[in-house]
Amino acid sequence: MPTVSIVAACYNHASFLRETLESIRTQSFTDWELIFCDDASVDDSPVVAAKIIEKDFPTAKTVFHINNQGLCRTLNEAISLASGKYLQIISCDDILLPEKLGRHVDILEQALPHKAFVHGPIETFGSGIESWKKSAKDRFSRGASLDAPALYRILLDQNVVSAPSALIRMSAVLDVGGYDESLLWEDWDMWLRLAKAGNGSEFDPQICTMYRIHDHNMSSRMDHIERELGLLSILRKHKNNRRAIDHMCAVITNLFRRNAVTASLRSELRSLLLSQPRLMTIERLLLATGIKSNVLHQLRIIPAPAIFDF
């Protein structure tokens, strides 16, 4: 049984595929298996991958979808083929530095069993907008080894774990049921569910992962409304937590600003605000949600539509 199962997830990554697979091949730690999954790419990724895998990874397990299944379903399929103690997921536009697996296997081997994964800072590169590259790098560069309650609290505010930087205990992923196939993207939901289940994390301060930002990243392909709705889908699982409620209120009010609120979202925001007594003064509502009083009136939370409309 290999120590690490590496899942290389590909969708239209023909231009970057060779770099990613080479970064896997040249890992200093060698006890791993490769599971390559192409989710119905419409570029040359399947052809490029097949040639490289035949030459450099003859024992790799491969999945080539005819129809796009989505990332979470694809990852679950890959996990069903995996036999490693640890799980490393990498998108085929990112790069693992040579010591990545070796360092992180050592950390988890020495960690307490409830530490479900180790992660670390990333270096960003590529053709993306500089502000995006800096934002991503900064967000994932601040970390610490955390027990479950602290990790859960932080994650409810923001995803601070870069997916390719993480090495995860396979048993922990299986214990929470794998990836939620109803979601648009996988990582934040997984970290939240692991923490909620009582798992903590380790943090390696050394950069071991290169995260490429370009026009075809999954996050870049989503428009703002799609992104906000995706966040809501994840946060709804945790709405018994006050931090999650605060975050959900902020997300829905962002949708208000974009004129993208349906009747059901309007009702959801009203219920969330009414569940939070500490927000129930008009002043606090306005400050906490950033929306005008006429919106609060529409939600039937305050009686007058325009007294505080500024």
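Just so it is clear, none of the values below were taken in a lab; they were calculated from the coordinates. Owing to the predicted nature of the structure, the values given are computational and were not obtained by experimental measurement. Glycine gets a Cβ as well: all are built from the backbone with ideal geometry, and neighbour counts include every protein chain shown.
How do K51, K239 rank when sorted from fewest to most other Cβ atoms within 10 Å of their own Cβ?
If I rank by nearby Cβ atoms, fewest first, I get K51, K239.
Counting only Cα atoms, I'd like the Rg/Rh figure for the stretch 48-172, Kirkwood definition for Rh.
That ratio equals 0.98.
Quick check: residue separation of D157 and E19 times 0.36 nm, minus the Cα distance between them. What number comes out in nm?
That pair, D157 and E19, stretches by 46.3 nm at full extension.
May I ask you to compute the full-extension gain from R270 to T59, defined as 0.36 nm times their residue separation minus their alpha-carbon distance, rounded to one decimal in nm?
Contour length minus Cα-Cα distance gives 70.5 nm.
Under the classification rounded if a/c is under 1.5, otherwise prolate if a/b is larger than b/c and oblate if not, where does the stretch 152-266 fall, given a ≥ b ≥ c as square roots of the Cα gyration tensor eigenvalues?
Here the stretch 152-266 falls in the oblate category.
For Q69, list long-range residues whose amide hydrogen, built 1.01 Å from N in the peptide plane, is under 5 Å from its own amide hydrogen.
Those qualifying (amide H under 5 Å, at least 5 residues apart or on another chain) number zero.
Determine the alpha carbon to alpha carbon distance for each of K100/K237; K115/K237; K61/K100 and list only those over 25 Å.
K100/K237
Which net charge results when you count Lys and Arg as +1 and Asp and Glu as -1 among the other residues whose beta-carbon is under 12 Å from that of D175?
+3
In a shell of Cβ-Cβ distance under 14 Å around L112, excluding L112 itself, what net charge do Lys and Arg (+1) and Asp and Glu (-1) give?
Net of charged neighbours comes to -1.
Say R0 is 45 Å: what FRET efficiency, to the nearest 0.05, do R257 and M1 get from their beta-carbon distance?
0.30
Can you give the alpha-carbon Rg of the stretch 4-221 over 2.2 N^0.38 Å, where N counts its residues?
Computed over Cα atoms of the stretch 4-221, the ratio equals 0.95.
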